[in-house]
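Read the structure below first, then the notes.
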Amino acid sequence: MDRDDIRKFAGILRESRRLCVFSGAGISVPSGIPDFRSADGLYNRESGLSVPPETIISRSFFDRHPKQFFSYYKQNMLFPDCEPNAAHRFFARLESPSREVSVVTQNIDGLHSAAGSTRVFELHGSVWRNTCMRCGKAYGLEAVIEAEGVPRCACGGIIKPDVVLYEEPLSEAVVRGAVDAIAMADTLVVVGTSLVVYPAASFLRYFTGAHLVLINRGETAVDTRAELVFREDVVEVVRALAADFPALLEDS
């Protein structure tokens, strides 16, 4: 890892007054949550079903085969014991009276909020929120985990996770907040995403700020636009910043 690039990154963060972090699955891999497209990712796991994972986590499959959906969902997409890692905590601790930090995330694991980030736009929802499709009653994650088969409300309705499945639209309110956060940022840090999932990846076109920094193991479509590109694990990058931000990395 180039030390000059780390020092430059640290300087950008210190000077930033409106920082936006755009995160994907890669930021949560160090916490023990698999990504989607790597060799060990969700889409390359054996599902035990005759249809691909993308089909299983689609709205039409959910409606037609809720029992099979929840069996797959609970086994492969829920990690209630995983905790925020040093990267989640670092970006949360960057918040200060003089620096606004927004997080736009494609992740559904809730780890940014668990780390203490207060301005989080979850484009694809969160596994921690669940709602009865019949009466609208809200439930926590335990209602899904503890249910045998399809989780149901006292009214008899199916309890659906508040995650955006394939074939479902993103929340308009969340999209507006995310686009505003990106558009108003002076610095955009893209972390752990291949930027191939749309429409989320298209939101980067709204960024017109001064500094674009990319932290991702693989190449992306915006590499040539970025001022700095780090191919390392994001946890290693933030730990390399320890000399400049020691207080933000305590217990990390």
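The values are calculated or read from the model by the stated rules, or taken from the named source; none is laboratory data. All figures in this text were calculated on a predicted structure; none of them were measured in a lab. Neighbour counts are summed over all protein chains in view; Cβ atoms, including those assigned to glycine, are modelled from backbone coordinates with ideal geometry. The accessibility values were calculated without ligands, DNA or RNA, using every heavy atom of the protein model including side chains. Shrake-Rupley method; radii C 1.70, N 1.55, O 1.52, S 1.80 Å.
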Return the total of residues in region 214-230 being charged (D, E, K, R) and over 14 Å from T193 (Cβ atoms).
2
Contact list, first residue from region 220-238 and more than 15 Å from F9 (Cα to Cα), second anywhere and of a type in the set (A, V, I, L, M) and surrounded by fewer than 18 Cβ atoms within 10 Å (Cβ to Cβ), beta-carbon distance below 9 Å, six or more apart or interchain, is T220/V196; A221/V196
Over region 217-232, the set of residues surrounded by 18 or more Cβ atoms within 10 Å (Cβ to Cβ), assigned to a loop (DSSP other than H, G, I, E, B) and at pLDDT 95 or above is A226
Qualifying residue in region 164-175 (condition: over 15 Å from T105 (Cβ atoms), open to solvent by 30 Å² or more (accessible area, probe 1.4 Å), in a helix (DSSP H, G or I) and not basic (K, R)):
yes
For a quick check of your reading of the model, give me the residue pairs whose first member lies in region 140-158 and is on the phi < 0 side of the Ramachandran plot, whose second is of a type in the set (K, R) and in a helix (DSSP H, G or I), with beta-carbon atoms closer than 6 Å and at least 6 apart or on different chains.
V150/K67
Take region 109-136 and flag every residue that is crowded, with 16+ Cβ neighbours inside 10 Å and small (G, A, S).
G110, S113, A114, A115, S117, G125, S126
Near pairs, Cβ below 7 angstrom, 6+ apart or cross-chain, from region 8-23 (over 20 Å from H88 (Cβ atoms) and touching a residue at least 40 places away in the same chain (Cβ under 8 Å)) to any residue that is surrounded by fewer than 15 Cβ atoms within 10 Å (Cβ to Cβ) and of a type outside the set (F, W, Y)
R17/S98
Whichever residue in region 233-252 is hydrophobic (A, V, I, L, M, F, W, C) and open to solvent by 60 Å² or more (accessible area, probe 1.4 Å) and, among such residues, is modelled with the lowest pLDDT:
A247
Given the residues E232, E227, which is the only one that is closer than 17 Å to A25 by Cα and of a type outside the set (F, W, Y)?
E232
So is S202 part of a helix (DSSP H, G or I), within 21 Å of the chain's Cα centre (by Cα) and either within 23 Å of Q106 (Cβ to Cβ) or not basic (K, R) (or both) or not?
yes
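Of the residues L42, L49, only one is surrounded by 18 or more Cβ atoms within 10 Å (Cβ to Cβ) and modelled with pLDDT under 95; which?
On the way: L49 fails: surrounded by 18 or more Cβ atoms within 10 Å (Cβ to Cβ).
On inspection, the qualifying residue turns out to be L42.
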Out of everything in region 82-98 that is of a type outside the set (A, V, I, L, M, F, W, C) and within 16 Å of I215 (Cβ to Cβ), what residue ends up being most open to solvent (accessible area, probe 1.4 Å)?
R89
